[in-house]
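Presented below is the structure to which this report refers.
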Amino acid sequence: MANASTKRSLISKANSTIVVSTGVAAFLIIFSLVAAKALISQAGYQNRVISAKKTAVTQLKADLDARDSLVASYKAFVITPTNMIGGASTGTGPQDGDNAKLTLDALPSAYDFPALATTLEKILSGQNLQIQSITGTDQELTQSNVGAAGSPAPVPMPFQIQVSGSYTSIQSLVDLFNHSIRPFQIKTLDLSGNQSNMVLAITAQTYYQPEKTFNITTKVTK
């Protein structure tokens, strides 16, 4: 009986040892698998981060080269002694001014109807015409978000004018609109009166081009 009890005790201890050893082995295997998966995932993430950084550096170098080229082109465009319409780049006459100023005058980057009305008044007064009305709709509030949309297309600014004067002055005004550095598109033109005292009513539009904004964004690599 003693031998049988001793054998059962040894068998029980052996079974316990096997269970413990099996549990420890299973734990080590599971831990190793989880650790290996975490390491592989971390290595993959680091590779994606490194790849994204390399792409960003390459793009940054290209942007810096483009910036330098743009600055050089802008300087060459601005410092020419004679501007693009034949005036002096440093003068103060009606055709003078550097090319950058002329470009902004031709196609402003912001909606400004009061400035347009002032420009029209100056043009009309210079042609010895009697101004009867300059009208239009000030859409500053509705146009304020156009630039944020990133639209590069010119945006029309409609207006109406009515003037009176001689036929020669009115003809000169129409020619001036046609040859102006700022684009004017005449939609309708109505004439009444006689050659010495004529009334002209014009429905037309000019344009402005919203500025393109440069946005720096961040990207999260997962």
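Coordinate-derived values only; no laboratory data. Computed from a predicted model, the values in this text were never measured in an experiment. Cβ sites come from the backbone with ideal geometry, for glycine too, and all protein chains shown count toward neighbours.
Between the beta carbons of Thr119 and Ser69, assuming R0 = 45 Å, the FRET efficiency works out to 0.85 to the nearest 0.05. Taken along the Cα-to-beta-carbon direction at a fixed 7 Å, the label points for Lys222 and Ser32 span 3.3 nm.
Just to confirm a number: summing +1 for Lys and Arg and -1 for Asp and Glu over residues other than Ser69 whose beta-carbon lies under 12 angstrom from that of Ser69, what do you get?
On the way: positive: Arg67, Lys75; negative: Asp63, Asp65, Asp68.
Taking every other residue near Ser69 into account, the sum is -1.
Using R0 = 45 Å, the C-beta based FRET efficiency linking Asn215 and Leu189 works out to 0.55.
Pairs exceeding a 30 Å alpha-carbon distance, out of Lys37/Lys219; Lys75/Lys212; Lys37/Lys61: Lys37/Lys61. Ranked for footprinting exposure by Cβ neighbours inside 10 Å, fewest first, Ser109, Ser133 give Ser133, Ser109. A cut-off under 14 angstrom between Cβ atoms defines the neighbours of Val163, and their net charge, with Lys, Arg +1 and Asp, Glu -1, is -1.
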